[in-house]
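These notes concern the structure reproduced below.
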Amino acid sequence: MTKSATFRSVGPRRPRQAAAGWLAASAVIALLAVAPLLAVLLVASGSSDGLWPHLLAYVLPEAARQTVILLLGVGILVTVIGTGLAWLVVAYDFPGRRFMEWALLLPLAMPTYIVAFAYLDLLHPIGPVQSLLRAVLGLSSPRDLNFPDIRSMPGCILLLSFVLYPYVYGTARAAFLLQARGVIEAAHSLGAGRFATFVRIAAPLARPAVAAGVSLALLEALNDIGASEFLGVRTLTVSIYATWVNRSSLAGAAQIALFMLAFVIILMFLERGLRRNRRYADAEPGRLVPKRLHGMAGVLAATICALPIIIGFAAPALHLVNEARKRLQFAGLSPSLVEAIGNTASLAAVATLVTLLLGLCIAATLRLVGGRLAAALARTASLGYAVPGTVLAIGLMMPLATVDNAVDSFMRATFGFSTGLLLSGTGGALVYAYVVRFLPLAAGGLEAGYAKLPKTLDDAALTLGASSGGLVARIHLPLLWPALLSAAALVFVDCVKELSATLLLRPLDFETLATQLYAEASRGTYEDGAIAALLIVAVGFLPVMLLARLGREGWRREREATAAVIPEMPDSSGFPAAREGVL
């Protein structure tokens with residue numbers, strides 16, 4: 001029974017009204033999501049009071065050049081690191097492999113600006129690394145040690161790459177696990193080694209997944225404002241923030257934002273182009289039998305896997321723990337930090353609740369109505385995740401100000417008093433930005449949850465006279481709790497970590513953990529910012545642990561499904577094939 005037939009089963013009139021209601025609600029959500037982008041176009045077409053020639057001559061060329069270099073460098077490195085590590089843990093068995101499989105995701109818990117914040121202190125001329133090197137080399141002055149400066153383009157590329165490679169690692173590893181084992185083993189039987197198999201067969205087959213991971217990593221790099229600014233790289237994101245803060249020119253910032261949107265569109269088209277007509281069917285289920293590495297080969301493989309974990313997570317995390325301990329022993333928790341914790345938690349909680357409700361509406365529309373219109377509305381509502389936070393913030397300023405002015409004018413004319421700013425410069429603006437930015441996480445997670453619910457439940461409930469709203473509330477919601485909790489965790493964590501939009505839209509004298517860390521880094525007071533950074537990292541563990549759990553459950557289900565089809569096969573060492581969990 002099709003979706004449309006499901007609605008027809010309870011009568012002709014009410015189903016049409018219900019479908020129209022769900023579509024109307026989704027259309028409103030899509031309009032709210034796309035309004036900031038339309039506002040950017042409108043504001044950018046306005047006058048910038050003569051600032052545009054200056055931006056075009058002195059700001060945009062250099063910002064675009066540095067942005068392109070940064071994206072190229074990060075794109076190459078995350079592809080090499082992520083794809084190489086994914087093949088290593090799938091195709092080989094070595095000491096610590098099971099731990100490395102999930103530990104390689106740990107850098108996802110570290111926002112890029114926190115890693116930059118930590119390494120600025122770690123690699124400072126009087127920081128622990130250079131101080132230790134001078135002590136070992138017998139040097140007394142920081143000037144005597146010629147140490148590479150982390151505040152540079154190469155430093156920024158390296159740090160961002162070691163934080164963002166898990167996007168590629170996760171997608172590439174999943175692709176390698178799902179590739180047909182018979183194809184890989186056929187290559188081995190024809191004399192191809194593991195490396196040749198990787199280069200000629202496994203990597204080309206995984207190209208769509210790698211392209212998806214690289215595009216996510218590049219969007220994160222493009223959205224970054226903290227790490228780039230801390231490390232002296234003036235990207236388009238940094239230029240938007242500087243234009244608005246230093247020159248108070250909304251039109252000028254919008255014009256740079258419009259230019260930045262072109263980068264986003266190019267990235268999306270490149271990703272789609274690399275994935276077009278690149279779908280492959282598995283000829284045989286099952287996992288490639290990993291080759292066991294002994295002796296120095298096993299130690300080398302374990303070391304290669306450990307290095308990204310140390311650089312992207314362990315070293316900055318341990319440094320933050322040490323600096324936070326010093327701060328707590330010296331002065332305890334500052335009142336401003338306690339206030340920032342409350343602000344962050346309350347904003348993230350409200351934004352998560354609103355995002356889940358709107359995401360449920362989008363997913364329910366796809367489930368109950370279906371069709372091209374519902375799918376188009378869902379795609380439109382999901383545009384915010386691809387838009388950098390600074391662009392989104394610039395786009396929100398004019399619509400929110402327009403609404404505030406309209407309400408204020410009405411209240412003045414009708415009741416004789418002013419309402420002031422209801423949305424602009426308030427927590428409501430931040431909630432709006434968070435919802436638009438992270439709505440795809442909720443909608444996508446709930447859509448995946450809906451895919452696991454049989455349509456016969458809908459048919460039975462509607463046949464018995466249930467309304468579509470009652471069906472969602474009484475049948476779907478109780479069954480969607482796992483998907484709801486997963487989506488809530490992802491949205492909440494991203495709200496806590498969000499920096500770029502928060503910097504532009506926050507109220508005066510209002511700090512979140514992310515903005516307080518940004519302020520402490522700008523002042524160079526690293527110990528004071530370490531506690532805020534550590535709290536953000538602790539919250540960031542939620543999605544990492546969630547991914548690890550989902551990965552283990554997914555591979556367990558695949559193992560159970562294929563155990564009867566594929567017997568245990570010995571590897572080259574005579575041991576049974578390893579069938580551990582994915583993570």
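The values are calculated or read from the model by the stated rules, or taken from the named source; none is laboratory data. Every value quoted in this text rests on a predicted model; they were computed, and no experiment measured them. When we count neighbours, we look across all protein chains shown, and the Cβ atoms used for this are built from the backbone with ideal geometry, even at glycine. The area values use the complete protein model at the heavy-atom level, side chains included, leaving out ligands, DNA and RNA. Shrake-Rupley method; radii C 1.70, N 1.55, O 1.52, S 1.80 Å.
Some observations on this one:
- Test: residue in region 140-151 that is closer than 25 Å to A501 by Cα and open to solvent by 40 Å² or more (accessible area, probe 1.4 Å): yes
- Per-region count, region 293-324, residues touching an Asp or Glu at 6+ places or on another chain (Cβ under 7 Å) and in a loop (DSSP other than H, G, I, E, B): 1
- Flag if T419 is over 20 Å from the mean Cα position of the chain (by Cα), outside any helix (DSSP H, G or I) and over 23 Å from V491 (Cα atoms): yes
- Test: residue in region 429-444 that is among the basic types (K, R) and modelled with pLDDT of 90 or more: yes
Conditions (1) touching a residue at least 60 places away in the same chain (Cβ under 8 Å); (2) part of a loop (DSSP other than H, G, I, E, B); (3) over 17 Å from the mean Cα position of the chain (by Cα), marked per residue:
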| site | (1), (2), (3) |
| --- | --- |
| E339 | yes, no, yes |
| N343 | yes, no, yes |
| C361 | yes, no, yes |
| R372 | no, no, yes |
| G384 | yes, no, no |
| V391 | yes, no, no |
| M397 | yes, no, yes |
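- Number of residues in region 344-395 that are among the hydroxyl-bearing types (S, T, Y) and open to solvent by 30 Å² or more (accessible area, probe 1.4 Å): the value is 4.
- Boolean, R523 is charged (D, E, K, R) and closer than 30 Å to L328 by Cα: yes
- Among the residues making up region 416-435, a single one is aromatic (F, W, Y) and surrounded by fewer than 19 Cβ atoms within 10 Å (Cβ to Cβ): F417.
- On inspection, L333 passes the criterion of being within 17 Å of T512 (Cβ to Cβ) and outside any helix (DSSP H, G or I).
- Residue match in region 62-73 (condition: modelled with pLDDT under 90 and either surrounded by fewer than 17 Cβ atoms within 10 Å (Cβ to Cβ) or among the acidic types (D, E) (or both)): no
- Where Y241 falls short, out of the listed (1) open to solvent by 20 Å² or more (accessible area, probe 1.4 Å); (2) among the hydroxyl-bearing types (S, T, Y); (3) more than 22 Å from the chain's Cα centre (by Cα): (3)
- Pick from region 89-111, criterion open to solvent by 30 Å² or more (accessible area, probe 1.4 Å) and in contact (Cβ under 8 Å) with a residue 60 or more places away in the chain, ranking: nearest to A211 (Cα to Cα): L108
- Picking from residues in region 515-542 that are more than 22 Å from V350 (Cβ to Cβ) and among the aliphatic types (A, V, I, L, M), the one that is most open to solvent (accessible area, probe 1.4 Å) is L534.
- Residue match in region 494-514 (condition: open to solvent by 50 Å² or more (accessible area, probe 1.4 Å), out of contact with any helix residue (DSSP H, G or I) (no Cβ under 7 Å at 6 or more places or on another chain) and of a type in the set (A, V, I, L, M, F, W, C)): yes
- Some residue of region 301-313 being in contact with a strand residue (DSSP E or B) (Cβ under 9 Å, 6 or more places away or on another chain), in contact (Cβ under 8 Å) with a residue 24 or more places away in the chain and closer than 24 Å to L108 by Cβ: yes
- Some residue of region 370-388 being modelled with pLDDT under 85 and either out of contact with any helix residue (DSSP H, G or I) (no Cβ under 9 Å at 6 or more places or on another chain) or at positive phi (or both): yes
- Here is the figure for region 227-265: residues that are free of Cβ contacts under 8 Å to residues at least 24 places away in the same chain and closer than 19 Å to L164 by Cβ total 1.
- Look at (1) open to solvent by 40 Å² or more (accessible area, probe 1.4 Å); (2) closer than 24 Å to A315 by Cβ and you find that I114 fails only one, number (1).
- Whichever residue in region 244-261 is open to solvent by 10 Å² or more (accessible area, probe 1.4 Å) and not polar (S, T, N, Q) and, among such residues, is farthest from the chain's Cα centre (by Cα): R247
- All positions within region 55-93 that are in contact with a Phe, Trp or Tyr (Cβ under 9 Å, 6 or more places away or on another chain) and not in a helix (DSSP H, G or I): D93
- Residues within region 436-472 that are free of Cβ contacts under 8 Å to residues at least 40 places away in the same chain, part of a helix (DSSP H, G or I) and open to solvent by 60 Å² or more (accessible area, probe 1.4 Å), tallied: 3
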